[in-house]
Amino acid sequence: MFSMGYGRGAIGKGEKMSDKTSVKLDPSWLDVIGVEFDKSYMVQLKSFLAQEKKAGKVIYPKGDEIFNAMNTTRFDDVRVVILGQDPYHGAGQAHGLSFSVRSGVKLPPSLMNIYKEISAEYDVLMPKDGDLTRWAKQGVLLLNATLTVQDSLAGSHQNKGWEEFTDAIVRAINDRAENIVFLLWGSYAQKKGAIIDRKKHLVLTASHPSPLSAHRGFLGCGHFRAANDYLESNGFSPIDWV
C-alpha cells in the first residue's frame, strides 16, 4: 500500500516507489495512470512528504485516504468530474474528495453554496450532510488538483508534483472516455481543464462557489440539471445530487 510516506500504510523498508503492488489504488486506475508512479516527480513528492512527517507537520487527509476519489469512483464508472484545488486544511475535514467533508462536520462555505444551487435547481431542501461519498459512488469523480495539504496552511503542497499527477488523471479521462461532464468552477479549475476535448465531452464553467465569487456566476449556473440532461441524452443514469 502506497500512502506517500506518512500516516498509516507508509512505504516500509525495502519497498520501492515503482512497486505498483504497494499502491492502494483501484486497479482500474492503475491500468491507466500506474506509469506515473515510476516517474521522478513522484519520487520527489514522496520524499517531500516524508520530510514533512519527519519535521512533525500534520498533513491532511490521512495517508490511506489520499487516493479516496479514485478508490471510490472506478475509472470505468466516471460520468462527472468536479475539479477542486486543495484539500480542506482544518482538522477532521478532508477525506480525499474535493469539496466534501466527513459526516457531522460543519459545512464549509463553498459546499454550502453548492448545496444552495442544487436546492434552487431542484426545489428541494439543502442537504445537511457534507459527505459527498454518495456522489462519488454514482460516478462523480471529486478530484482535487493537489491531494495533500499541511494543517492550517492552504496551498502548502502546491507545486510539489501533485498537479502533474492529477493532470495525468484528467488527460486519461479525456483521451480514453467519452461523454463525460466536467464541472470547472473558478479560473484554476478552468485552466487545468483546458486540455479537455469539447467535442467528446461536456464542459461547464462558472465562478468558484466560494462566498467571494459565488454571486459572480456560480449561483444560478444550472450545472447540476445540465449535467443530468447531458448524461441522460447519452444513455446514462442521472446523478442523484440530493
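The values are calculated or read from the model by the stated rules, or taken from the named source; none is laboratory data. Keep in mind it's a predicted model, so treat the numbers as computed, not measured. Glycine gets a Cβ as well: all are built from the backbone with ideal geometry, and neighbour counts include every protein chain shown. The protein model used for the area step is the full one, side chains on, heavy atoms only, and it has no ligands, DNA or RNA in it. Shrake-Rupley method; radii C 1.70, N 1.55, O 1.52, S 1.80 Å.
Keeping every protein chain present and rolling a 1.4 Å probe, give me the accessible area per residue for segment 140-206 in Å². Display every interim value, and only then the final one.
Values: 2680 Å² over 67 residues.
Dividing the accessible area of segment 140-206 by its residue count gives 40 Å².
Helix 109-122 against the longest principal axis of the chain: what's the angle in degrees, Cα atoms only, rounded to the nearest 10?
Once rounded, the angle reads 30 degrees.
Give the angle, between 0 and 90 degrees and rounded to the nearest 10, that separates the Cα long axis of helix 40-54 from the longest principal axis of the Cα atoms of the chain.
80 degrees
What is the sum of charges around Gly92, taking Lys and Arg as +1, Asp and Glu as -1, for the other residues whose C-beta is under 15 Å from the C-beta of Gly92?
On the way: positive: Lys62, Arg102, Lys106; negative: Glu65, Asp129, Asp131, Asp151.
After counting each charged neighbour, the total is -1.
Between 0 and 90 degrees, rounded to the nearest ten: what's the tilt of helix 162-176 against the longest Cα principal axis of the chain?
50 degrees
To the nearest 10 square angstrom, how much accessible area does Ser40 have with a 1.4 angstrom probe?
Ser40 has an accessible surface of roughly 80 Å² with all protein chains in place.
Is the shape of segment 161-242 rounded, prolate or oblate, going by the alpha carbon gyration tensor and its root eigenvalues a ≥ b ≥ c, with a/c under 1.5 for rounded and a/b larger than b/c for prolate? Show your work: numbers first, answer last.
On the way: a/c = 2.06, a/b = 1.04, b/c = 1.98.
The shape class here is oblate.
I'd like the antiparallel share, as a percent to the nearest 5, of DSSP beta bridges with both residues in the chain. It would help to have the intermediate numbers written out before the result.
Values: 3 of 16 bridges.
Antiparallel bridges make up about 20 percent of those DSSP assigns within the chain.
Round to a whole angstrom and tell me the spacing of the C-alpha centers of segment 126-148 and segment 177-195.
That distance is 16 Å.
Can you give the local net charge around Lys57? Use residues other than it whose beta-carbon is closer than 14 angstrom to its beta-carbon, Lys and Arg +1, Asp and Glu -1.
Net of charged neighbours comes to +2.
According to the square roots a ≥ b ≥ c of the eigenvalues of the Cα gyration tensor, what is the shape class of segment 56-112, taking rounded for a/c under 1.5, prolate for a/b larger than b/c otherwise, and oblate for the remainder?
On the way: a/c = 2.10, a/b = 1.33, b/c = 1.59.
Since a/c reaches 1.5 but b/c is at least a/b, the shape of segment 56-112 is classed as oblate.
Report the number of Lys pairs in segment 51-124 whose alpha-carbons are under 23 Å apart, with separation of 8 or more residues or on distinct chains.
Details: Lys53/Lys62; Lys54/Lys62; Lys62/Lys106; Lys106/Lys116.
For segment 51-124, the number of qualifying lysine pairs is 4.
Roll a 1.4 angstrom probe over the protein heavy atoms and tell me the percent of accessible area of the chain that is carbon or sulfur. Display every interim value, and only then the final one.
Details: 5400 of 10950 Å².
Of the solvent-accessible surface of the chain, carbon and sulfur hold 49 percent.
If the chain between Tyr188 and Asn159 were fully stretched, how many nm would it gain, using 0.36 nm times the residue separation less the Cα-Cα distance?
Details: separation 29, 0.36 × 29 = 10.44 nm, distance 1.35 nm.
Stretched out fully, the Tyr188 to Asn159 stretch lengthens by 9.1 nm.
Show that you can apply the helix-only estimate: for the chain, add -39,500 (n - 2.57) for every DSSP H stretch of four or more residues, divide by all residues, and state [θ] at 222 nm to the nearest 500. Present the calculation step by step, with values, prior to reporting the outcome.
On the way: 8 runs with 77 residues, N = 242.
It lands at -9000 deg cm²/dmol.
Could you tell me what % of all Cα pairs in the chain have separations over 34 Å?
Working: 3773 of 29161 pairs.
For the chain, the share of Cα pairs beyond 34 Å comes to 13 percent.
State, as an integer percentage, the relative contact order of segment 114-242 based on alpha-carbon contacts under 8 Å between residues 6 or more apart. Don't jump to the answer; show the numbers that get you there.
Working: 129 pairs, mean separation 34.1, N = 129.
It rounds to 26 percent for segment 114-242.
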